[in-house]
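Reading through the structure tokens given below for one structure.
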Amino acid sequence: MANSAHQFETERLSMRLLDERDKDLYAQIYTDEKIMRKISAPLSVEKAQKSFAIALKKNAQPQSPFLTWVITNKTTNETIGIQGLTQHKEQPAFADVGIMLLRNAQGKLLPEESISGLFYYAFSKLNYLRIYAHYSKTNYATHRVTQKMGFTPTSSSTAESNACFLDSKWLEKQEHTQPLYNSNTSS
């Protein structure tokens, strides 16, 4: 049976923790050269399978500092991508965010919706105070999303990469668009 903890929804999407059903989705994303081109080199199938096993173990840990969610289109019930949070060791109230969508889900404003739902959840249920995004300067789609959502650039940006953050005050500014939450949101 699937883990019902850490589930949440937005208008068009539902998010649940990565589980055994998602092995093929995970490998499809991490081995796809076009999806990975602005992130890192694509993984081999074997490395993607090992990475998947590690992600499952981390998701299963109580109060895990690393959580990965599967993004599902509520209308079609198709899984369209993954997103995650990685807690900072030095500052546990801070986390890094990442999202990867299948190619057929790109260009439909789904990253903004999915990440907004994740931020509501992270700030209101997991009690994070700040969430960081790090991405290649050539990743224009991510740059557009972070600007649209109001991220603040940091001084740690380099010639090759951007770094920016959003703090929990974002939640107060978004009250009129609050996504739905599953009733089981234990952490």
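Every number in this text was worked out from the coordinates using simple rules, so none of it is lab data. Here the structure is a predicted model, which means the values were calculated and not measured. In this analysis, Cβ positions are derived from the backbone assuming ideal geometry, glycine residues included, and neighbour counts consider all displayed protein chains.
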Checklist outcome for this item: Note on the stretch 79-150: contact order normalised by length, alpha-carbon pairs under 8 Å, 6 or more apart, percent, works out to 30 percent
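Test of understanding: what is the full-extension gain from ARG37 to GLN49, defined as 0.36 nm times their sequence separation minus their Cα-Cα distance?
Net length gain for the segment: 2.4 nm.
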Next on the checklist: Amide H of GLN174 versus every other amide H placed in the peptide plane: which residues, excluding those fewer than 5 positions away on the same chain, fall under 5 Å?
Outcome noted: none
Item to check | Student exercise, the chain dipole from Lys, Arg, Asp, Glu Cβ charges, in Debye to nearest 20 | outcome: 240 debye
Next on the checklist: List the pairs from LYS23/LYS137; LYS34/LYS173; LYS57/LYS89; LYS23/LYS74; LYS23/LYS57 whose alpha-carbon separation is above 25 Å, in the order I gave them.
Outcome noted: LYS23/LYS137; LYS34/LYS173
Next on the checklist: Please report the antiparallel percentage of DSSP beta bridges with both residues in the chain, rounded to the nearest 5.
Outcome noted: 90 percent
Checklist outcome for this item: Counting sequence-distant residues (5 or more places) and residues on other chains, those with an amide H built under 5 Å from that of ILE71 are ILE80, GLY81, ILE82, GLN83
Checklist entry - What relative contact order, as a whole-number percentage, does the chain give when Cα pairs under 8 Å and 6 or more residues apart are counted? => result 24 percent
Checklist entry - Each label point is 7 Å from the Cα along the Cα-to-Cβ direction; what then is the distance between the points at SER156 and GLU112, in nm? => result 2.7 nm
Item to check | Proximal lysines to LYS125, defined as alpha-carbon separation beneath 16 angstrom and excluding residues fewer than eight positions away on the same chain | outcome: LYS169
Next on the checklist: Explain nothing, just compute: Karplus ³J(HN,Hα) = 6.51 cos²θ - 1.76 cosθ + 1.60, θ = phi - 60°, for every residue of the stretch 87-97 in order, whole Hz, x for Gly and Pro.
Outcome noted: 5, 6, 5, 6, 9, x, 8, 10, 8, 9, 10
Item to check | 10 Å-binned pair-distance histogram of the stretch 1-85 (Cα, whole percent) | outcome: 17, 49, 31, 3
Item to check | Environment charge at ASP96 (Cβ cut-off 12 Å; Lys +1, Arg +1, Asp -1, Glu -1) | outcome: +2
Checklist entry - Which of MET100, GLN63, SER124 sits farthest toward the positive end of the charge dipole of the chain, with +1 on the Cβ of Lys and Arg and -1 on the Cβ of Asp and Glu? => result MET100
Next on the checklist: Could you tell me the center-to-center distance, by alpha carbons, between the stretch 94-122 and the stretch 123-137 in angstrom?
Outcome noted: 12 Å
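Translational diffusion coefficient of the stretch 1-159 at 4 °C, 1.567 mPa s, Stokes-Einstein with Kirkwood Rh over Cα pairs, in µm²/s as a whole number.
Reported coefficient: 80 µm²/s.
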